[in-house]
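Here's the structure, in structure tokens; my notes come after.
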Amino acid sequence: MDTYTQYIALINDYLNNVLSKEARLEFETKLQNDLEFNTIYQEHIIFINGLERIDIKSDIQNAKRTYYTEKWLKISGISIIIIGVIITLYTLVFNTSEKEPTPNSNTFNSIIVDSTTTQTSIVKKVTDSSKIKTIETTPEHEISFSTTTNQRKFGSVSSTKMDITKQPQLLKINVDKDTIIRCKEGTILTITKGAFINPKSKKSVSGTIELQVTEYYKLSDILLANLSTVSNGKQLETGGMLFIEAKQGSIDLELKDDLPIEVSFPSKNKKPGMQLFSGEWQGENINWSLQNDASVDDILISEEHIEELVEVPFNVVEQAPIFPGCENETTNDARKRCMKDAISKFIKRRFNTNLGADLGLSGRQQINSIFRIDTEGNIVFIQSRGSHPRLSEEADRIISLLPKMIPGKQRGKAVIVPYSLPINFDIKGDNTITGNLINKDTVSMATSIAFDSRLISAREMDTIYEDKRGMVEFIREVMHDKDFPVDAQFISEWEQYKKQKLIRRISLETKPNYIESAIILRKPLLDMANTKFKILEDDSITRGGHIIRVPWDKTKIPSSSRGYKLVPKPLYQAGRQMVTKSEFEEGLDDVTNTSISSRDVGNYVLKTSKLGWINCDRFINGRTTRIKYKLKIKNAEEASINMVFKSLNSVLPSWHTNDVYDFRTVGANENVILVAIKRKNGKLYYDTVDTKTASNPNVNFNFKEVNLEDLKIELEKLTRNSK
Amino acid sequence: MSDQDILVLFKNGQREKAFQKLYYLYPRIETLILSKGGNKDDASDVFQEALIILNRNLQTSHFKLTSSFYTYLYSVSRFVWSDIQKSYSKQQLQELNAQEVEIFQNVIEEKKYQLAEHAFLDIGKRCQQLLQLFYHKAMSFKDIANEMQFKSSKVAKNQKYKCLKKAKDIYQTKLKQVQS
């Protein structure tokens, strides 16, 4: 044992190199000669190496662990980075397209760009005490990419959102004087002096203030601004929307309660019953509520304006429209006759009279048609009612084929001329047809119907045709005489009286919520020939011994304080309107034609005591069955979808949660266009779907990327195709 | 990191770091072992063995790395695996080139060390610690006595010889087992 221990110690010393040179040599010699020593040495080497393994192994294990940790860290690091990038991209993408549903109803998702480039050239004309300023502005759309949060009156905008806003017109007015402003698209604002007050001090401001007006008449503007026409869930038809803001310096001004601004909305095709609404954004849709202070006066004013519609009946018009080929006739009457004959011939030649027999009809058939010759000479607003719907369609078809004419003129100005056309023919038992069209009398009688329809209200038309109650019947009723002779001359006189307001048809609220129609006749009318009226001393009227009218006693006379309550006239019924599509388009072109001065078109004149969003609207009631309309769209991605009505100036918004778009209730079987606009990553996507409203709709959008200009053009096209 | 850099790490005694870098070659060695029918644990063991052999060779002055680390580790691993499988034929051995023979010898050598290692692992924790401190940390018996709370350095010295003897006995029996 002792030798072994010594040996080991010696080997250790040798391996550690601590031996002297002699000792080393001695050691190596011993290693070669002493076999036992050698074995011990070898063994020890193995042991030391074995021992070393433990050491190396621990190092390797550490290295391995570090390697795996690093690897894991690298993988997880990379994946974290990738996930991070994906999340960032995802949020970026969705932030841009997302319109976060904002819980506050007062928030408004678009920016109104401060107008910095609006140029105003002001033309001043002095009339009486008021100034008329014609302000030419360039309302350009602007795209703004905002990366910061913009606080405006209507709320905040999340970052990197793109918005398109119409450039407001910037007007500077002096509030110390009465001012009349005519805006670019025809809106006329009449502002009384001192109408603006500082909301804090409640005192009128003086000096120059800044007025910002944005007009929304065109469908494209309305859609781009994401505006819609709904009042507390009820559908409206719009006559134009405005956004008005008044500022002095940085103070937002308000209107004084008793000094409202008079707003005149331009309108070519005037519809009764327009009222003023104020808008408030609720989430992403705007809700319009009725401004209570739109008083009776205002409606009366608008009624007056309706009477000034530039539509002149065929019988009355100074220069009748000229049918191609009738140019050579010298007198107006001759031209009229020529036109009547030409139209009769035209219809006779083309009308498929076999249709009646095919439909199994027999006997005398009558189709009453009415259309208008617009200021361009085009045939528009064709409406027909026959004993069978197919006959009406046929009449529409033929009339739409009529050639373009030279428009009629009144006082040298092109006007719209309504023309009515009864088509009569007999279907005999043996199926031979005598297409005797139109004897003169019917034409003149029927034509007389046309001028009553100056307000082109479909319901009126319906009344005429449904009840066979045209102007003639109407006159007879008023005259309390079934056999009252009504001829063309009488009708033209009647028309004149109407113009002079000697005859007026009004609706009276005799009891609360009870509307009665009344006719006001003035004395000269009763002096008309053939009327056989007698006006007694007590002002009552007799005819043939019967008292037909007693004067109103004082309780019946509408007091000035109450005034007339005029109710909206019956409305368009699109479903029953027999107007062909192409005519619609042409009719629409007319509406958007802004070259017509406001004098030529009827204006809706209403007063507002509120600024902000203002809408001239009327309710759409009494329509066909209403259905719930919900869409489920796959690739919606927060797009905004609006429903545009072809027959109405109305836009319905949708409320969406995820991919379900809810239009709430809409009229069934309406021809509508669904317009979807998607904003994503600063790009615009757009598509429309032409459809008819029905339950459980199946609609898919195929979004295409568009730039703003193209989108505007598309929307303009839409304007033409709808309505 | 190039092979040269790793060599420098070895020379500077940063063995652990060098191993760490060499582990980047592991996935490829793993593929090799898996393709030869081993599992992941086998692959890990084989690679470890190859690293030990590499390390041992690098410590000897006459060793020169003639190829890349990967090539070297690859062939070593192959031999280690073959050895574990006892799958080489005489013919294969005869066809080996000089370098391969060397590697083969290394592998055989290493097997002995492995036995010694196992013997050490069997002598108990305290003996292991004592021998480690003496041979690797090169501590004096006095320090070892301090560290391991022996009464004196003499006791430590005596203990060390006992442990060594014990390990050698275990080794001898193991060797006999293997050879028989």
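The values are calculated or read from the model by the stated rules, or taken from the named source; none is laboratory data. On a predicted model such as this, the values are computed, not experimentally measured, just so you know. So basically every Cβ, Gly included, is an ideal-geometry build from the backbone, and we count neighbours across all protein chains shown.
The combined condition, being out of contact with any Gly (no Cβ under 7 Å at 6 or more places or on another chain) and buried (at least 22 other Cβ atoms within 10 Å of the Cβ), is not fulfilled by A:G207. With a requirement of 3 or more residues that are hydroxyl-bearing (S, T, Y), the strands (runs of 3 or more DSSP E) lying completely within the range A:651-697 that satisfy it span A:683-692. Here A:G386 fulfils each of the conditions (1) modelled with pLDDT of 70 or more; (2) farther than 27 Å from A:E311 by Cβ apart from (2). When the residues of the range A:60-93 are filtered to those that are among the hydrophobic types (A, V, I, L, M, F, W, C) and within 14 Å of another protein chain (Cβ to nearest Cβ), the one that is nearest to A:Y685 (Cα to Cα) is A:I75.
A count restricted to the range A:33-51 and to residues that are of a type in the set (S, T, Y) and surrounded by fewer than 18 Cβ atoms within 10 Å (Cβ to Cβ) stands at 1.
Take the residues in the range B:41-58 that are touching a residue at least 40 places away in the same chain (Cβ under 8 Å) and surrounded by fewer than 22 Cβ atoms within 10 Å (Cβ to Cβ); name whichever of them is nearest to the other protein chains (Cβ to nearest Cβ). Step through it out loud before you land on a result.
Step one: filter the range B:41-58 for residues touching a residue at least 40 places away in the same chain (Cβ under 8 Å), giving B:42, B:49, B:52-53, B:55-58.
Adding the requirement that they be surrounded by fewer than 22 Cβ atoms within 10 Å (Cβ to Cβ) leaves B:42, B:55-58.
Numbers: B:D42: 15, B:N55: 6, B:R56: 7, B:N57: 12, B:L58: 11 Å.
Taking the candidates together, the pick is B:N55.
Number of residues in the range A:350-409 that are within 35 Å of the chain's Cα centre (by Cα) and either of a type outside the set (D, E) or under 24 Å from A:C326 (Cβ atoms) (or both) equals 40. At least 3 residues being hydrophobic (A, V, I, L, M, F, W, C) is the threshold, and among the helices (runs of 4 or more DSSP H) wholly inside the range B:72-169 those reaching it are B:98-122, B:125-135, B:141-148. What residue, among those in the range B:1-18 that are among the aliphatic types (A, V, I, L, M) and assigned to a helix (DSSP H, G or I), is farthest from the chain's Cα centre (by Cα)? The residue in question is B:V8. Taking the listed residues A:E237, A:E245, A:E185, A:E215, the one that is closer than 26 Å to A:N285 by Cβ and in a loop (DSSP other than H, G, I, E, B) is A:E185, with no other qualifying. Scanning the range A:698-710 for residues that are surrounded by 13 or more Cβ atoms within 10 Å (Cβ to Cβ), not aromatic (F, W, Y) and not in a strand (DSSP E or B) yields A:V699, A:L708, A:D710.
Residues in the range A:23-51 that are farther than 13 Å from A:I11 by Cα and at the interface with chain B (Cβ under 7 Å from one of its Cβ atoms): A:N49, A:G50, A:L51.
Is it the case that the range A:384-404 has a residue that's part of a strand (DSSP E or B), over 13 Å from A:N424 (Cα atoms) and touching a strand residue (DSSP E or B) at 6+ places or on another chain (Cβ under 9 Å)? Among the residues of the range A:384-404, not one is part of a strand (DSSP E or B), over 13 Å from A:N424 (Cα atoms) and touching a strand residue (DSSP E or B) at 6+ places or on another chain (Cβ under 9 Å), which makes the answer no.
Identify the residue in the range B:127-164 that is among the aliphatic types (A, V, I, L, M), out of contact with any Lys or Arg (no Cβ under 9 Å at 6 or more places or on another chain) and away from chain A (no Cβ under 12 Å) and, among all such residues, is surrounded by the fewest Cβ atoms within 10 Å (Cβ to Cβ). Selected residue: B:V155.
Restricting attention to the range A:12-22, the residues that are more than 11 Å from every other protein chain (Cβ to nearest Cβ) and either in a helix (DSSP H, G or I) or in contact with a Lys or Arg (Cβ under 9 Å, 6 or more places away or on another chain) (or both) total 5. All conditions but one from (1) within 20 Å of the chain's Cα centre (by Cα); (2) at the interface with another protein chain (Cβ under 10 Å from one of its Cβ atoms) apply to B:D122; the one that does not is (2).
When the residues of the range B:1-36 are narrowed to those that are closer than 13 Å to B:W81 by Cβ and free of Cβ contacts under 8 Å to residues at least 24 places away in the same chain, which ends up surrounded by the fewest Cβ atoms within 10 Å (Cβ to Cβ)? Explain how you work it out, then say what you get.
Just the residues of the range B:1-36 that are closer than 13 Å to B:W81 by Cβ, to begin with: B:29-36.
Of the ones still in play, those that are also free of Cβ contacts under 8 Å to residues at least 24 places away in the same chain are B:30-31, B:34-35.
On the way: B:E30: 19, B:T31: 11, B:L34: 13, B:S35: 8.
Restricting to residues being closer than 13 Å to B:W81 by Cβ and free of Cβ contacts under 8 Å to residues at least 24 places away in the same chain, the top hit is B:S35.
Got a sec? Which of B:S77, B:S61 is of a type outside the set (A, V, I, L, M), surrounded by fewer than 20 Cβ atoms within 10 Å (Cβ to Cβ) and away from every other protein chain (no Cβ under 11 Å)? Within the list B:S77, B:S61, the selection yields B:S61.
Under the condition of being within 20 Å of B:K168 (Cβ to Cβ) and of a type outside the set (D, E, K, R), the residues counted in the range A:2-26 number 13.
Out of A:I54, A:I83, which single residue is farther than 24 Å from B:A18 by Cβ and without any contact (Cβ under 8 Å) to a residue 60 or more places away in the chain?
Working: A:I54 fails: farther than 24 Å from B:A18 by Cβ.
Of the residues listed, the single one that is farther than 24 Å from B:A18 by Cβ and without any contact (Cβ under 8 Å) to a residue 60 or more places away in the chain is A:I83.
The set of residues in the range A:210-252 that are polar (S, T, N, Q) and under 18 Å from the mean Cα position of the chain (by Cα) comprises A:T214, A:S220, A:N226, A:S228, A:T229, A:S231, A:N232, A:Q235, A:T238.
Scan the range B:19-40 for residues that are assigned to a helix (DSSP H, G or I) and more than 8 Å from chain A (Cβ to nearest Cβ) and report the count.
The total comes to 12.
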